1. Given a 1.4 Å probe and every protein chain left where it sits, what share in percent of the accessible area of the range 327-388 is carbon and sulfur?
2. For labels at F326 and L216 in the simple 7 Å Cα→Cβ model, what's the distance in nm?
3. R0 = 25 Å: FRET efficiency of R253 with L121, Cβ-based, nearest 0.05?
4. Mind giving me the FRET efficiency for R234 and L101? R0 is 30 Å, r the Cβ-Cβ distance, nearest 0.05 is fine.
5. Could you look at the range 157-284 and say what percent of its accessible area is carbon and sulfur, using a 1.4 Å probe and all protein chains?
6. Which of the listed residues, S67, L101, A83, is farthest toward the dipole's positive end in the range 43-165, when Lys, Arg count +1 and Asp, Glu count -1 at the beta-carbon?
7. Sort largest first and round to whole Å: the equivalent ellipsoid semi-axes of the range 234-382, each the square root of five times a Cα gyration tensor eigenvalue.
8. Ignoring ligands, DNA and RNA, what accessible area per residue does the range 184-311 give at 1.4 Å, in Å²?
Amino acid sequence: MRSISIVGRRRTTTPTNEPRQPFGHRLLGGLTRSQIARRLLPAGTSRDARVLLAARAVRAFGDGFVSVLLPVYLLALGFDAVAVGAVSTATLLGSATLTMLVGFQATRLGRKGLLLAASLLMAATGLAFAIVHSFWPLLVVAFVGTLNPSSGDVSVFLPLEQSVLPQMAEPKARTALFARYSVAGTLAAAVGALCTGVPTWLASHTLVGSVTAIELMFGVYGLLGLMAFGLYRRLPADVEPTHTRHVPLRESRRTVLTLAALFSLDSFGGGLVVQSLLALWLLQRFNVSLELAGPLFFWTGVFATVSFLLAVPLAERFGLVNTMVFTHLPSNVLLVLVPFMPSLPLAVALLLVRSALSQMDVPTRTSYVMAVVPPAERPAAASLTTVPRSLASALAPLPAGYLLAMSSFGWPLVLAGVLKGVYDVLLLIMFAQVRPPEELSTAVRRDTEPRSTVL
């Protein structure tokens, strides 16, 4: 049976026995949410990977606005650039220490349980920063909490998630999955950076003071920790490894230790220009306000997201190590040039171009480490390459803050670019011939294919 509706003189018929689809469903071409989610993941990936990507995005959203608001908040409380560097150092040192404590016990204690506990710690960190105003208590909270002064992820969550993701994808899809993982975090952090103008809007349109408005944002950061807790609860039971005995590094020990040393050099350079200190430099050098800093870091995040996506086809074509080096090295040259720019538009232009190149090594680096070690040694390898990086990165903000207190020229940016460039050259020299299994199989196929002869 069909019902007839008349609008003006136009007659239309609508089947009464067929359910009407929501307008949003029709806009998306009839795709369901689960179908859309599957298309966002690379082929050969488990659906459970969506949980980790969603949790990564939730946490990164908080990191996006906290990393920019942190120096502004500390300056508003009466602290100087050295104090900003000290708090940034404490956050990174605490993350490295906590990662070291739990990384090698991930198999015994359970990765899911550790992720849930870290989420609760994130909630407590946001609450503490919202209510604590004295320097030394803030320093303690920064050390034991999960606050992240960087636009990237340097927290205890990182090695736990990195050791889980490879078992959710086939080898050929591993790099693409890590790229999606990086995209989810960077894009969410970019959107979070846009929210740095919220405290200013609240202070100008309501009776809330500027410091109180920033404290409310730290409260939001704590709520995001609870959201991450809810997401991690959805992880399946088989997220834990099938073996119950902790497996230390054996076959891959030398390789992982060498990579950890190189990554530490790169991370020390990166620690000199964490987003909190970069925001502080822009504030000192060009008097950049929060309203301008938010969109700036949003677009650097968007450009970085593009670099994550480009990393996958480049890695398939040129290899993981070549992709890491030949995209990262030019970005470091641009970083050295930024302080020499005489105006804000020129400095911003270089920062944006650098962002489009600098992050291609992130998914490729993680995929490379997970590929060149046996599966049973991946948790230990993830921790051993993450902890030294975090420690090295943690040592850098304090001297960077001291340099910024001495001069607004931007010496931390110059030093960071030089050190990171040295890392690129050493990585190419030492690991150009150490290929992951999928690249070796591709090379074998190419060698066995018949070659045509041109007469």
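The values are calculated or read from the model by the stated rules, or taken from the named source; none is laboratory data. Predicted, not measured: the structure shown is a model, and the values here were computed from it. Neighbour counts run over all protein chains shown; Cβ positions are idealised from the backbone, glycine included. Side chains included, ligands, DNA and RNA excluded: accessible areas come from the protein's heavy atoms. Shrake-Rupley method; radii C 1.70, N 1.55, O 1.52, S 1.80 Å.
1. Values: 1430 of 1790 Å².
The C+S portion of the solvent-accessible surface of the range 327-388 is 80 percent.
2. 5.1
3. Values: r = 31 Å, r/R0 = 1.23.
My answer for the efficiency is 0.25.
4. Details: r = 26 Å, r/R0 = 0.85.
That gives a FRET efficiency of 0.70.
5. On the way: 3340 of 5320 Å².
Carbon with sulfur: 63 percent of the solvent-accessible area.
6. So the residue we want is L101.
7. On the way: eigenvalues 245, 60, 48 Å².
Each semi-axis is the square root of five times an eigenvalue, giving 35, 17, 15 Å.
8. Numbers: 5780 Å² over 128 residues.
Accessible surface, normalised per residue, equals 45 Å².
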